[in-house]
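Enquirer: What follows is a single structure, and I will ask about it in a moment.
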Amino acid sequence: MANMTEPQFTSEHIILKWWHVNKTGFPIAPDVWEKMWYYIRKTHLDGEQLEKTIRGQQILKIAYPNVPVVLSSSDVVESISRVHCYLQALQYNYTGTQFFDVKKYRSLSWLMETAKEIIKISLPIKCLEAFILALYLTARLCKLQRFAISFKSTCDNHTHHHVVMGMYYSNCFGALGLSRKEDLMSKPLEDKSLTDLLLDYLEKYQHYKHDVMKIKLSLPIIHDLHSHETIPWKGLVLRPSRIEPSDFRRITEKYSRQIKLAIA
């Protein structure tokens with residue numbers, strides 16, 4: 001591997017835009033490893049020394065996180081808490097290489113097989129992988145309405161995408177997910193309205209100097225792990241900067257009624 005030709009990317013491309021996806025599965029192919037280390041050399045302040053310190057060293061055995069067992073009879077709030085802890089135990093992926101090739105427009109059954117692979121391999125994940133895992137682990141909680149909340153934001157002329165699994169249960173909204181920032185991941189089932197949940201995210205984005213250009217809410221997602229349906233990603237599209245706060249609340253609350261009345 002040491003003699004392999006370095007990937008043909010400019011430093012600017014690597015630092016600002018590029019995120020390699022492992023499309024060859026496991027075990028990880030040598031060229032995928034090489035691209036990951038190249039990303040580390042180019043993005044970390046002391047990347048070359050970091051590579052020398054870690055690469056080629058004997059890897060210690062690390063315990064796998066315990067996968068939460070969620071049954072149809074399980075307490076919903078407690079189960080959500082355990083799923084959240086599991087996502088955090090896997091940790092956010094900062095390596096520059098997404099280990100799992102998640103194709104979001106594939107069928108639910110295909111995505112659930114991907115979730116099983118994520119659990120089996122237990123490597124760090126990003127927000128889309130966490131979203132798929134959350135769907136899989138909460139599939140038996142049929143009283144829990146689940147839907148996607150996708151964010152598109154800009155900061156310093158760069159575009160960022162994020163997704164979490166929105167939830168509705170017992171007249172409260174919340175979310176499950178993973179992020180670089182703790183306050184942009186999961187939210188407990190405490191918000192009395194969907195608007196309040198979204199405004200909480202918007203407030204946090206503003207704190208990090210991100211302008212949220214678009215929010216997409218999916219329709220409720222069915223609980224059938226073997227379904228050949230795809231996730232209905234585009235239920236509602238909101239552009240916060242283009243609408244008045246009163247209209248934002250009116251549109252969001254009107255849509256939330258579909259979520260509350262849906263039969264998953």
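Enquirer: Listed residues Trp18, Trp37, Trp33; which is of a type in the set (Phe, Trp, Tyr), open to solvent by 70 Å² or more (accessible area, probe 1.4 Å) and either part of a loop (DSSP other than H, G, I, E, B) or at pLDDT below 95 (or both)?
Expert: Trp33
Enquirer: Determine if segment 51-69 includes at least one residue that is modelled with pLDDT of 95 or more, within 21 Å of Ile222 (Cα to Cα) and surrounded by 15 or more Cβ atoms within 10 Å (Cβ to Cβ).
Expert: yes
Enquirer: A further question follows. Does Tyr86 satisfy being surrounded by 14 or more Cβ atoms within 10 Å (Cβ to Cβ), in contact (Cβ under 8 Å) with a residue 40 or more places away in the chain and not polar (S, T, N, Q)?
Expert: So Tyr86 passes the test.
Enquirer: Residues to consider are Ser73, Ser11, Ser79; find the one that is exposed (fewer than 12 other Cβ atoms within 10 Å of the Cβ) and modelled with pLDDT of 85 or more.
Expert: Matching residue, one of Ser73, Ser11, Ser79: Ser73.
Matching residues to (1) farther than 20 Å from Ile125 by Cβ; (2) of a type outside the set (A, V, I, L, M):
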position: Met165; (1), (2): no, no
position: Asn171; (1), (2): yes, yes
position: Leu184; (1), (2): no, no
position: Pro188; (1), (2): yes, yes
position: Asp196; (1), (2): yes, yes
position: Leu219; (1), (2): yes, no
position: His228; (1), (2): yes, yes
position: Gly235; (1), (2): yes, yes
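Enquirer: Restricting to segment 99-113, name every residue that is in a loop (DSSP other than H, G, I, E, B) and either open to solvent by 70 Å² or more (accessible area, probe 1.4 Å) or closer than 18 Å to Phe147 by Cβ (or both).
Expert: Restricting attention to segment 99-113, the residues satisfying the condition of being in a loop (DSSP other than H, G, I, E, B) are 99-106.
If the condition is that a residue be in a loop (DSSP other than H, G, I, E, B) and either open to solvent by 70 Å² or more (accessible area, probe 1.4 Å) or closer than 18 Å to Phe147 by Cβ (or both), then Val102, Lys103, Lys104, Tyr105, Arg106 are the ones that fit.
Enquirer: Here is a further query. Test Ile28 against the criterion of being modelled with pLDDT under 85 and either assigned to a loop (DSSP other than H, G, I, E, B) or in contact with a Ser or Thr (Cβ under 8 Å, 6 or more places away or on another chain) (or both), and give yes or no.
Expert: The answer is no for Ile28.
Enquirer: Tell me which residues, restricted to segment 106-148, are under 24 Å from Lys216 (Cα atoms) and of a type in the set (Lys, Arg).
Expert: If the condition is that a residue be under 24 Å from Lys216 (Cα atoms) and of a type in the set (Lys, Arg), then Arg106, Lys126, Lys143, Arg146 are the ones that fit.
Enquirer: Now, a different point. Looking at this structure, is Lys42 touching a Gly at 6+ places or on another chain (Cβ under 9 Å), crowded, with 16+ Cβ neighbours inside 10 Å and modelled with pLDDT under 85?
Expert: Yes.
Enquirer: A further question follows. Of (1) crowded, with 18+ Cβ neighbours inside 10 Å; (2) closer than 18 Å to His20 by Cβ; (3) of a type in the set (Phe, Trp, Tyr), Tyr94 satisfies all except one. Which?
Expert: Single failed check for Tyr94: (1).
Enquirer: Let me ask something else about it. Taking segment 59-98 as the search range and keeping residues that are part of a helix (DSSP H, G or I) and among the polar types (S, T, N, Q), which one is nearest to the chain's Cα centre (by Cα)?
Expert: The extreme case among them is Gln88.
Enquirer: Looking at (1) under 20 Å from the mean Cα position of the chain (by Cα); (2) open to solvent by 90 Å² or more (accessible area, probe 1.4 Å); (3) not acidic (Asp, Glu), can you tell me which one Arg249 breaks?
Expert: Against the list (1) under 20 Å from the mean Cα position of the chain (by Cα); (2) open to solvent by 90 Å² or more (accessible area, probe 1.4 Å); (3) not acidic (Asp, Glu), Arg249 comes up short only on (1).
Enquirer: Scan segment 118-147 for residues that are open to solvent by 10 Å² or more (accessible area, probe 1.4 Å), more than 22 Å from Ser73 (Cβ to Cβ) and either without any contact (Cβ under 8 Å) to a residue 60 or more places away in the chain or among the hydroxyl-bearing types (Ser, Thr, Tyr) (or both) and report the count.
Expert: Here is the first cut: in segment 118-147, the residues open to solvent by 10 Å² or more (accessible area, probe 1.4 Å) are 119-124, 126-128, 136-137, 140, 142-143, 145.
Applying the additional criterion that residues be more than 22 Å from Ser73 (Cβ to Cβ) yields 120-124, 126-128.
Next, from what is left, pick out any that are either without any contact (Cβ under 8 Å) to a residue 60 or more places away in the chain or among the hydroxyl-bearing types (Ser, Thr, Tyr) (or both): 120, 122-124, 126-128.
Residues flagged as open to solvent by 10 Å² or more (accessible area, probe 1.4 Å), more than 22 Å from Ser73 (Cβ to Cβ) and either without any contact (Cβ under 8 Å) to a residue 60 or more places away in the chain or among the hydroxyl-bearing types (Ser, Thr, Tyr) (or both) within segment 118-147 amount to 7.
The values are calculated or read from the model by the stated rules, or taken from the named source; none is laboratory data. Note that the coordinates shown come from a computational prediction; the quantities given were computed from them, not determined experimentally. Neighbour counts run over all protein chains shown; Cβ positions are idealised from the backbone, glycine included. Just so you know, the surface numbers come from the protein's heavy atoms only, side chains and all, with ligands and any DNA or RNA stripped out. Shrake-Rupley method; radii C 1.70, N 1.55, O 1.52, S 1.80 Å.
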